[in-house]
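Asks: Can you read through this structure? Questions will come right after.
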Amino acid sequence: MIERNKTNVALDGLFDEFLDLVSNARRVPLMDKIMLDENDLLNIIDDLKEAIPREIKSANQVLEEQKNIVDKAYADADRIVQQAKEEAERIVSVAQAEADAKVQQEEIVKQANAVAEDVKANALRYQEETKLAADEYALQVKQSSLKYADDMLEFLSGNLTSALGGLKENIQSVKEEMNNIQHPQAPVEAPEPEAAEEE
């Protein structure tokens, strides 16, 4: 969770840095274009290449953490069921011993069996409810994590597409300006006025 928050801050900072770079860029005279420092732009792109995989890795870590929680819930449920079964067997064993000692007291055996069956039923019901809750929680976590990853990738895709589109326009503008500087067009000379006809 901490890793993901750090990555979000890093991504926000990179996009802010990119916006600052564009906002503070020099404008090309007489054109609605700007000039960007290539090294600054490449540095931001390199940082984005590092930050985006970290964000995907962070989403995978969230899924792994939730899987561990679900696994622990299953383990706890199995442990509780096992304890309940052992307790039920102990109760049945005690009741059976008393029944053997007091054959005439059949009511004791019936009560012990009823208690044991009730304990078993409660334990099995608790196991089923715990597993259903764990399955539902795991599904919710998975859906939430996948939605987060999908939203983040869509956000990054949109920003990168927009940034790369602007970058291509600026590159083309710079190339055209460099071409104009290297190969200036000769100014067109105005035609000389014709001499007035003599009267």
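Asks: When percent of Cα pairs over 31 Å apart is calculated directly from the model, which label among (1) 17; (2) 60; (3) 24 fits?
Replies: Answer label, from the structure shown: (2).
Asks: Counting each DSSP H run of 4 or more residues in the chain as -39500 (n - 2.57), what helix-only mean residue ellipticity at 222 nm follows after dividing by all residues, to the nearest 500 deg cm²/dmol?
Replies: Helix contribution divided over all residues of the chain: -31000 deg cm²/dmol.
Asks: Moving on to the next point. List the lysines whose Cα sits under 17 Å from the Cα of residue 102, skipping any in the same chain fewer than 8 residues away.
Replies: Those lysines meeting the cut-off are 110.
Asks: Determine the per residue accessible area of the chain with all protein chains present and a 1.4 angstrom probe, expressed in square angstrom.
Replies: Counting only protein heavy atoms, the per-residue value for the chain is 76 Å².
Asks: Could you order 85, 72 so the one with the most accessible surface comes first? Probe is 1.4 Å.
Replies: Result of the area sort, largest leading: 72, 85.
Asks: If R0 is 35 Å, what FRET efficiency do you get for residue 37 and residue 57 from their C-beta distance, rounded to 0.05?
Replies: According to the calculation, E is roughly 0.70.
Asks: How charged is the neighbourhood of residue 130? Take every other residue with its Cβ under 12 Å from the Cβ of residue 130, and add Lys/Arg as +1 and Asp/Glu as -1.
Replies: Net local charge, residue 130 excluded: -2.
Asks: If you don't mind, there's one more thing I want to ask. Can you give me the C-alpha center-to-center distance between the stretch 72-123 and the stretch 23-55, rounded to a whole angstrom?
Replies: The stretch 72-123 and the stretch 23-55 have Cα centres spaced 73 Å from each other.
Asks: So if each residue of separation counts as 0.36 nm, and I subtract the Cα-Cα distance between residue 97 and residue 117, what length gain in nm does that give?
Replies: Roughly 5.5 nm would be gained on extension.
Asks: Tell me, what % of the accessible area of the chain is carbon and sulfur with a 1.4 angstrom probe?
Replies: In the chain, the share of accessible area belonging to carbon and sulfur is 54 percent.
Asks: Extension gain residue 150-residue 69, at 0.36 nm per residue separation less the Cα-Cα distance, in nm?
Replies: Once the chain is fully extended between residue 150 and residue 69, it gains 26.9 nm.
Asks: Scan around residue 28 for amide H atoms under 5 Å from its own, H built in the peptide plane at 1.01 Å from N, and keep only partners 5 or more places away or cross-chain.
Replies: 33, 34, 35
Asks: So, one more: In the calculated pair distance distribution of the stretch 85-130, what percentage of Cα-Cα distances lie above 18 Å? Before the final figure, lay out each step's value.
Replies: Details: 340 of 1035 pairs.
Looking at the stretch 85-130, the distances longer than 18 Å represent 33 percent of pairs.
The values are calculated or read from the model by the stated rules, or taken from the named source; none is laboratory data. This is a predicted model, so every value here is computed, not measured. We place every Cβ from the backbone using ideal geometry, glycine too, and count neighbours over all the protein chains shown. All accessible areas refer to the heavy atoms of the entire protein, side chains included, with ligands and DNA or RNA removed. Shrake-Rupley method; radii C 1.70, N 1.55, O 1.52, S 1.80 Å.
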